[in-house]
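For reference, the structure is listed below as structure tokens.
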Amino acid sequence: MFLAHIICIFFAFNIILVKSQVPYIGNCPENITTKSDFQPDKYLGKWYEYAKYPFIFEAGGKCITAEYGNLGNGKISVVNTQYGMLFGSKSSIRGTAKEVAPGKLLVNFDYIPLDTLTSSNYWVLDTDYENFSVVFSCYDLLYFHTEVVWILTREQQPSPETIEKAKSVIQEKGLSLKPLTITDQTNCT
């Protein structure tokens, strides 16, 4: 029985590395609502990551962007790009997203095996399409869950008013601002 618990913890830990990064006791919140009139075509294009909860795949990254394109048949191309802070090397990961409910997308990244472990919820909590977007992802594991929140902006250096609007969305949804870390968007080539 002890070995079974160790194996479960090992798999849970590995899933955390692939999924969201900030752990909380209990299940994912059920009261989180998304943008009910979300329009994927207006969301397409380039977004700059202003801030996020800690996320393993973006550790040590700067100049982080996400670019979305229309693949047809309700599918969206996803290209996430960043520069490593240590060596300045550029890296990207590609994938696809599909809206499964209003404002709720499911994202799968290429070249990562076991789609069931790497499919990620991408919930657009709110966006005005032209300035900001607030995105939420949550994943249940045993007796706890993990969360990530992103603030994305259309401008690399957004206005304070834009950031305040995004932060107010996070607070209105009952999520914490404390884990947010600002992404370095300076000296990007």
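Considering only region 128-185, state which residues are in contact with a Lys or Arg (Cβ under 7 Å, 6 or more places away or on another chain) and surrounded by fewer than 17 Cβ atoms within 10 Å (Cβ to Cβ).
Tyr129, Glu130, Leu177, Thr181, Asp184 - these are the residues of region 128-185 that are in contact with a Lys or Arg (Cβ under 7 Å, 6 or more places away or on another chain) and surrounded by fewer than 17 Cβ atoms within 10 Å (Cβ to Cβ).
Can you spot a residue in region 123-141 that is among the charged types (D, E, K, R) and within 28 Å of Ile25 (Cβ to Cβ)?
Scanning region 123-141, I find at least one residue that is among the charged types (D, E, K, R) and within 28 Å of Ile25 (Cβ to Cβ), so the answer is yes.
Determine, yes or no, whether Cys8 is modelled with pLDDT under 95 and surrounded by 17 or more Cβ atoms within 10 Å (Cβ to Cβ).
So Cys8 does not fit the description; no.
The values are calculated or read from the model by the stated rules, or taken from the named source; none is laboratory data. This structure is a prediction, so every number in the text was calculated from the model and none was measured. Positions of Cβ are backbone-derived with ideal geometry, glycine not excepted, and every protein chain shown enters the neighbour counts.
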